[in-house]
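Accompanying notes for the structure given below.
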Amino acid sequence: MHNFGHQPLYIRTTPTTGKTEASVEEQQYTGGKNGRPNKQHPDTSKTIISALLYADDAALIASPNDMQLLLNTAEQHSRDYGYRWHSSKCAIINPKSTISTLPTTYHLYNQPVPTTSCFQYLGLPFTSTGIDYNQLVHQRTTKATGNMALLRQLGIHIYGVGLWPALRSYRTFIRPVLEYGLAIPALSPSQLEKLDNAQKG
């Protein structure tokens, strides 16, 4: 779980199936069908997005004042459904300007959650301002060049297995590692040059 900032993200909830908004909310939040609890949900035209969930990864987005409340909610949800968050894998990302001055300690299961300036979420380095593109390029190039060196040691190169198997190996094992997450940012010329140099090995 991470804190990526303090500005809430709003989405407008409007039914697209011809049903009334009330019936859609009732269908979504009465529970039972997918094991969701039968709890009241506020009837609003805007919903604040305070959690991003992907498989077993979660990111909480809140102001410093609201973060402990979200952690308590996540903890209670885990107790209700019989699972447990790993506190050692959690971190609070604080804005750079407040890392040294923020005395707040957040807790999950009565254990302190460490604070950091950068954290990996879904394989991407995040800071309080979003994805750290310089760190992302550095990680991608380092991992790709390491994988290329391993393939060379195994004899998988143009002089070991021939041109087409070497190209196929590059497309399968190196290129996806190098490109992961790079479709998101608009890269600077120096970042593009670093990626190009990494491909040259």
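First measure r as the distance between the Cβ atoms of V161 and T129, then evaluate 1/(1 + (r/R0)^6) with R0 = 45 Å and state the FRET efficiency to the nearest 0.05.
Details: r = 44 Å, r/R0 = 0.98.
E(calc), rounded to 0.05, equals 0.50.
How would you order 175-183, 86-94 from highest to lowest mean count of nearby Cβ atoms within 10 Å?
Details: 175-183: 13.9, 86-94: 17.3.
Highest to lowest by the protection proxy: 86-94, 175-183.
Each label point is 7 Å from the Cα along the Cα-to-Cβ direction; what then is the distance between the points at H86 and A183, in nm?
Label-label distance for H86 and A183, simple model: 2.8 nm.
For the residue pair A149 and C118, what label-to-label distance in nm results when each label sits 7 Å from Cα along the Cα-to-beta-carbon direction?
Those two pseudo-labels are separated by 1.9 nm.
Between region 60-82 and region 110-175, what's the alpha-carbon centroid distance in Å?
32
How much length is gained on full extension from L69 to N197, taking 0.36 nm per residue of separation minus their Cα-Cα distance?
Details: separation 128, 0.36 × 128 = 46.08 nm, distance 4.64 nm.
Full extension from L69 to N197 adds 41.4 nm.
Output the antiparallel fraction of DSSP beta bridges having both residues in region 50-201, as a percent to the nearest 5.
85
Within the set of other residues whose C-beta is less than 12 Å from the C-beta of L136, count the net charge using Lys and Arg as +1 and Asp and Glu as -1.
Once positives and negatives cancel, what remains is +1.
Rule-based calculations on the coordinates, nothing more; no lab input. Being a predicted model, the structure only gives us computed values, none of them experimental. Quick reminder, even Gly has a Cβ in these numbers, built from the backbone with ideal geometry, and neighbours come from all protein chains shown.
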